[in-house]
Amino acid sequence: MNGLICRKIGMTTYFGDGNRAFPVTVLEAGPCVVTQVKSSGSDGYAAVQLGFGAKKERACTKAMKGHFAKAAAAPQSVVREFRVADPSGFQPGQVIKTDIFAAGDTVKATGTMKGRGTAGVVKRHDFRGGPGSHGQTDRLRHPGTNGAGTTPGRVYKGRRMAGRMGASTVTVRNLTVVKVDPDKNLLLIRGAVPGANDGIVIIRKA
Amino acid sequence: MNKQAVINSIEAEQMKRDLPDFGPGDTIRVQVKVVEGDKERLQAFQGIVLQRRGAGTSATFTVRKISAGIGVERIFPLHGPTVASVKVIKKGMVRRAKLFYLRGLTGRASKVQQRRETAETAAAPAAEAKP
């Protein structure tokens, strides 16, 4: 298996890597249950569908209840698909745990970043803003010009401006696994992963 | 699962249990691991604790000493692996938690009054000592 569905628990300081202190993100990683196995013969592509987290049975639609019953699995609150090269080794109902990862692995994390609401161009697009001195007023965080004048006489599409930022799916690559705890279903990853605590994060092997 | 409890349990694995009880005003000697090339040795840093701050694995403490007439301060991660040991040399008698006022003082004024162990005070910490 090449990935797991996780819940972000929080961040803390960790010591290691030649007596250095560095930030880690703690994730509740799985256990995930295989809810469906897709093969190129029957579905057109090969994938494994995983479920994570308990869900009340009465909160499930009839269709989802039937889907979980087919895999002999309890109702799952999050269901995600992972592409695999060869799905033949997986059985519906099979449980995947954190031991698919090892300390030192490079992984990528996909999650929904925190919503920033309406954000200016400095925060949203890393613009530099205006000068702080030399007679400048009221333009510390302004975008500057948004195009030329009479020619072309319009603003080109795709011009980066202020607007709604965040609450979008973000993938961070090249993260390192610091520690794996299959007994407590915990995964420690160096650095930050997208989203707030309690958010759902997909960790995949890079 | 309680999130903070999980974080605490991970931090507890990394925290030292053998640290002495010390606070601002105390004179301590810190043995610091220094790596030179492929050799590791211990270096002592002795001075007055100016402050302790933070909680869990990110807790730090600041030590100030006068070295060749120049004030030197070092901030150590309390639970960091480079801090090999901490030894309390003298207990200080101070009335605040952060002793930054010592930076502006020199000579006799910069001395922190020592707390003498009486029969009463010596008995009290022993009763508090954790198993």
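The values are calculated or read from the model by the stated rules, or taken from the named source; none is laboratory data. Note that the structure is predicted; figures quoted are calculated from it, not measured. Note that each Cβ is placed from the backbone with ideal geometry, even for glycine, and that neighbours are counted across all protein chains shown. Each accessible area value is taken on the protein alone, full model and side chains, heavy atoms only, with ligands, DNA and RNA left out. Shrake-Rupley method; radii C 1.70, N 1.55, O 1.52, S 1.80 Å.
Details
- Condition met for A:VAL172 (away from chain B (no Cβ under 14 Å) and assigned to a loop (DSSP other than H, G, I, E, B)): no
- Cβ-Cβ contacts under 8 Å between residues 6 or more apart (or on different chains), taken from a first residue in the stretch A:179-192 that is away from chain B (no Cβ under 12 Å) to a second residue that is in a loop (DSSP other than H, G, I, E, B) and buried (at least 19 other Cβ atoms within 10 Å of the Cβ), are listed as A:VAL180/A:PHE101.
- Checking each residue in the stretch B:68-83 for being part of a strand (DSSP E or B), open to solvent by less than 50 Å² (accessible area, probe 1.4 Å) and within 14 Å of another protein chain (Cβ to nearest Cβ) picks out B:PHE76, B:PRO77, B:VAL83.
- Number of residues in the stretch A:100-148 that are charged (D, E, K, R) and either under 20 Å from A:GLN49 (Cβ atoms) or under 18 Å from the mean Cα position of the chain (by Cα) (or both) equals 4.
- The requirement of being more than 29 Å from B:ALA5 (Cβ to Cβ), assigned to a strand (DSSP E or B) and not hydrophobic (A, V, I, L, M, F, W, C) is fulfilled nowhere in the stretch A:176-189; no residue meets it.
- Test for A:ILE5: is it in the same structural domain as A:LYS114 (by TED's automatic domain parsing), within 13 Å of A:GLU81 (Cα to Cα) and surrounded by 23 or more Cβ atoms within 10 Å (Cβ to Cβ): yes
- Residue tally, condition in a loop (DSSP other than H, G, I, E, B), assigned by TED's automatic domain parsing to the domain that holds A:LEU186 and open to solvent by 80 Å² or more (accessible area, probe 1.4 Å), over the stretch A:63-119: 2
- Among the residues making up the stretch A:126-145, those that are surrounded by fewer than 11 Cβ atoms within 10 Å (Cβ to Cβ) and more than 30 Å from A:MET11 (Cα to Cα) are A:PRO131, A:GLY132, A:SER133, A:HIS134, A:GLY135, A:THR137, A:ASP138, A:GLY144, A:THR145.
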